[in-house]
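Undergrad: My questions all concern the structure below.
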Amino acid sequence: EANPEVQTDIITLTRFILQEQNKVGASSAIPTGDFTLLLNSLQFAFKFIAHNIRRSTLVNLIGLSGTANSTGDDQKKLDVIGDEIFINAMKASGKVKLVVSEEQEDLIVFEGDGRYAVVCDPIDGSSNLDAGVSVGTIFGVYKLPEGSSGSIKDVLRPGKEMVAAGYTMYGASANLVLSTGNGCNGFTLDDPLGEFILTHPDLKLPDLRSIYSVNEGNSSLWSDNVKNYFKALKFPEDGSKPYSARYIGSMVADVHRTILYGGMFAYPADSKSKKGKLRLLYEGFPMAYIIEQAGGLAINDNGERILDLVPTEIHERSGVWLGSKGEIEKAKKYLLK
Ligand code: AHG
Ligand code: MN
Ligand code: MN
Ligand code: MN
């Protein structure tokens, strides 16, 4: 009789991906070996970043690096370290040709014949880092089209063409949420083992949940439609209960809660940031991809599907509205008034 306490047949991330590859209809864009190797490099980057974040207070890694990035953000030391760790891991994989990073002004092109382009936000939520709030790494993977040798046009594509996307949130434990186009699955890093273990198979958002997540400090800058939508949640006219407000200020943490609990998250465009604050390629697309694979919706301020948008430059911004299907459909009605 097996000992019920001891798990003796755990599903590691590598085993999961190999299982996925053999599923009927798995996106053929990912040849088994290459993608598994790419994914192993991605998970090494997450483990190494997690290691540095856990030690950051001990080895004076918190605080500013004294530099700014091309989207005007002040860079934290960990932004820079996370960026270097990520880029080095992608280069070492031998499978990546292009990298876009929040912390790099220009597209990075590697030597060699890698067939993948990876976009990333190495440390999302870094303004909260020094306060110990959960931060994360967001990533998306495009396969280079046949015949392409690797240039900017291979990443200025709609998010729906990504072959994989996800994030790793460095909270109490490191939580990786990943999709390769066949649903959305959550893995937890077992530190001593050094393996991401499948802990949240087939994640699905509830259709409705009365939770809204937005920075209300921007309210005076919102359009009337946006103001009216949030007012309707807070002062319901049909006698229903007002919504709960939950805003962490790290997109990864706010999205992770939205996937697990349901509800909606928004960073609307406003009169100050006409294209919104969040960057489309490495924040909007991967989160929209994950949310849709978990049964939710993700749209911009015009009610357009985020994954259909085509960026014109690698740091392009967009308004982002995402979460439970019913909640986003409700928001869309207000946005299109
Ligand atoms: P990053 O730390 O990668 O620059 O991203 C920060 C983003 C995102 O994490 C979060 O949703 C948003 O900034 C919070 O912005 P506000 O502080 O303006 O609410
Ligand atoms: Mn930043
Ligand atoms: Mn970010
Ligand atoms: Mn960032």
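Undergrad: Ranked by accessible surface with a 1.4 Å probe, highest first, in what order do SER223, SER173 come?
TA: Final ranking, largest accessible area leading: SER223, SER173.
Undergrad: Modelled label-to-label distance, SER210 and HIS51, 7 Å Cα→beta-carbon offset: nm?
TA: 4.7
Undergrad: Are any of the pairs LYS234/LYS332; LYS234/LYS330; LYS231/LYS275; LYS275/LYS333; LYS47/LYS274 more than 25 Å apart by Cα-Cα distance, and if so, which?
TA: Exceeds cut-off: LYS47/LYS274.
Undergrad: Can you work out the FRET efficiency for the pair ILE62 and LYS333, with r the C-beta to C-beta distance and R0 = 41 Å, to the nearest 0.05?
TA: Values: r = 43 Å, r/R0 = 1.05.
Plugging the Cβ-Cβ distance into 1/(1 + (r/R0)^6) gives 0.45.
Undergrad: Which is farthest toward the positive dipole end of region 65-124 among GLN104, SER65, VAL119, measuring Cα position about the Cα centre, with Cβ charges +1 (Lys, Arg) and -1 (Asp, Glu)?
TA: With unit charges placed on the Cβ atoms, the residue in question is VAL119.
Undergrad: On to the next question. Given labels modelled 7 Å from the Cα in the Cβ direction, how far is it in nm from SER219 to ASN302?
TA: A separation of 2.9 nm, rounded to one decimal place.
Undergrad: In degrees from 0 to 90, rounded to the nearest 10, what is the angle of the helix 251-261 Cα long axis to the longest principal axis of the chain?
TA: The answer is roughly 80 degrees.
Undergrad: Could you tell me how many cubic angstrom of Cα convex hull volume region 150-220 has per residue?
TA: 204
Undergrad: Taking 0.36 nm per residue of separation and subtracting the Cα-Cα distance, what length does fully extending LYS153 through ASP191 add?
TA: Extra length from LYS153 to ASP191 when fully extended: 9.8 nm.
Undergrad: By how many degrees, between 0 and 90 and to the nearest 10, does the Cα long axis of helix 224-234 differ from the longest principal axis of the chain?
TA: Helix 224-234 sits roughly 90 degrees off the main axis of the chain.
Undergrad: How would LYS76, LYS277, LYS231 line up by accessible area, probe 1.4 Å, largest first? Walk me through the numbers on the way to the answer.
TA: On the way: LYS76 25, LYS277 90, LYS231 110 Å².
Accessible-area ranking of LYS76, LYS277, LYS231, largest first: LYS231, LYS277, LYS76.
Undergrad: Something else now. What does the chain give for Rg and for Dmax, in Å, if only its C-alpha atoms count?
TA: Spelled out, the Cα radius of gyration and Dmax of the chain are 19.6, 65 Å.
Undergrad: To continue, here is another question. Over what distance in Å are the Cα centres of region 83-127 and region 265-307 separated?
TA: Distance between centres, Cα-based: 22 Å.
Undergrad: Using a 1.4 Å probe on the protein heavy atoms only, what accessible surface does MET162 show? Give it in Å² to the nearest 10.
TA: Counting only protein heavy atoms, the figure is 10 Å².
Undergrad: With every protein chain in place, what's the accessible area of ILE314 (1.4 Å probe, Å², nearest 10)?
TA: 10
Undergrad: Lysine pairs in region 80-182 with Cα distance under 18 Å, only those 8 or more apart or on different chains: how many are there?
TA: Taking the Cα cut-off of 18 Å, the pair count is 6.
Undergrad: Per-residue ellipticity at 222 nm for the chain, helices alone: DSSP H runs ≥ 4 residues times -39500 (n - 2.57), over residue total, nearest 500 deg cm²/dmol?
TA: Dividing the helical sum by the residues of the chain leaves -8500 deg cm²/dmol.
Undergrad: State, to one decimal in nm², a quarter of the convex hull surface area for the C-alpha atoms of region 236-337, i.e. the direction-averaged projected area.
TA: One quarter of the hull surface, i.e. the mean projection, equals 7.0 nm².
Undergrad: For ASN88 and SER271, FRET efficiency with R0 = 25 Å and r from the beta-carbon atoms, rounded to 0.05?
TA: It comes out at approximately 0.05.
Undergrad: Okay, moving on. For the full complex of protein chains and a 1.4 angstrom probe, list ILE49, ILE197 by accessible area with the highest value first. If you can, show how the numbers build up before the last one.
TA: Numbers: ILE49 5, ILE197 25 Å².
Largest accessible area first, the list is ILE197, ILE49.
Undergrad: Given labels modelled 7 Å from the Cα in the Cβ direction, how far is it in nm from LYS160 to ASN22?
TA: The two pseudo-label positions are separated by 3.2 nm.
The values are calculated or read from the model by the stated rules, or taken from the named source; none is laboratory data. Since the model is a prediction, treat every value here as computed from it, not as a measurement. Cβ sites come from the backbone with ideal geometry, for glycine too, and all protein chains shown count toward neighbours. The protein model used for the area step is the full one, side chains on, heavy atoms only, and it has no ligands, DNA or RNA in it. Shrake-Rupley method; radii C 1.70, N 1.55, O 1.52, S 1.80 Å.
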